[in-house]
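A.B. asks: Just passing along the structure, written as structure tokens.
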Amino acid sequence: DMKTDALKDRHWKTILQKLNIHVSYNELTIGMLWDHGLLDRKKDMAEVLQVAQGEMAIEVFLSEVKERWTNQELDLVLYQSRVRLIRGWDDLFNQLDEHTGGLILMRSSPYYRAVREFQEDGNLWEDRLTKLRAA
């Protein structure tokens, strides 16, 4: 389970603290992990992995929101030779509502509250999407 992409530097820092290992990442060896009881601390490691996976889910969702709304193109069609309307506006607004709801729900996650970057990005995108919805 330790080979997951969800483990970031902040999680490795926690693992090393729990195992009382004080070396830089490039000096760390598997032997050090074993010698400091990694295999005997499965519960502690499972907790760190659970946090990492929860944070990864938030990171992926925020990335999807950012990707969708920074690259969203509008298909404008001329209506009655006077105004341009957005084609597929209902799908666009359904996705907007879905992402806004997801951002609001994320705030209740302990993984969201633990990482300042998530809070900053979440607030930014919630504000942008709410303003877009109101426009």
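The values are calculated or read from the model by the stated rules, or taken from the named source; none is laboratory data. If you're wondering where the values come from, they're calculated on a predicted model, not measured in any experiment. Cβ: placed from backbone, ideal geometry, glycine included. Neighbour counts: every protein chain shown. Quick note on the areas: whole protein, heavy atoms, side chains included, nothing else; ligands and nucleic acids left out. Shrake-Rupley method; radii C 1.70, N 1.55, O 1.52, S 1.80 Å.
A.B. asks: Which value in nm describes the separation of the simple spin-label points at residue 26 and residue 40, placed 7 Å from the Cα toward the beta carbon?
C.D. replies: 3.2 nm
A.B. asks: What distance in nm separates the simple spin-label points at residue 67 and residue 98, each placed 7 Å from Cα in the Cβ direction?
C.D. replies: It works out to 1.4 nm between the two label points.
A.B. asks: Next question. Going Cα to Cα from residue 3, which lysines come in below 17 Å? Please leave out same-chain ones fewer than 8 positions away.
C.D. replies: Hits, sequence-local ones excluded: 13, 42, 43.
A.B. asks: Report the rotationally averaged projected area of the chain based on its alpha-carbon convex hull, in square nanometres.
C.D. replies: Details: hull surface 42.0 nm².
Mean projected area of the Cα convex hull: 10.5 nm².
A.B. asks: Lysines near residue 66 by alpha-carbon distance under 17 Å, same-chain residues fewer than 8 away left out - which ones?
C.D. replies: Here the lysines satisfying the reach criterion relative to residue 66 are 131.
A.B. asks: Straight distance only, please: which aspartates and glutamates reach the Cα of residue 8 with their own Cα at less than 15 Å, same-chain residues fewer than 8 apart left out?
C.D. replies: 47, 55, 59, 117
A.B. asks: Just to be sure I follow the definition: excluding the sites themselves, where is the longest run in the chain that has none of the trypsin sites (Lys or Arg not before Pro) in a DSSP loop with at most 14 other Cβ atoms within 10 Å?
C.D. replies: Here the longest segment lacking exposed loop sites spans 9-81.
A.B. asks: Just to confirm the filter: which GluC sites (Glu not before Pro) across segment 1-104 are DSSP coil and have at most 11 other Cβ within 10 angstrom of their Cβ?
C.D. replies: 73
A.B. asks: Given a 1.4 Å probe, how much area per residue of the chain is accessible, in Å²?
C.D. replies: Averaged over the residues of the chain, the accessible area is 71 Å².
A.B. asks: Angle, helix 116-134 long axis vs. longest principal axis of the chain, Cα atoms, 0 to 90°, nearest 10?
C.D. replies: On a 0 to 90 degree scale, this one is about 10.
A.B. asks: Using 13 Å as the cut-off for backbone N distance, which residues of segment 93-119 belong to the label zone defined by a point 7 Å from the Cα of residue 135 along Cα→Cβ?
C.D. replies: Label zone hits: 93.
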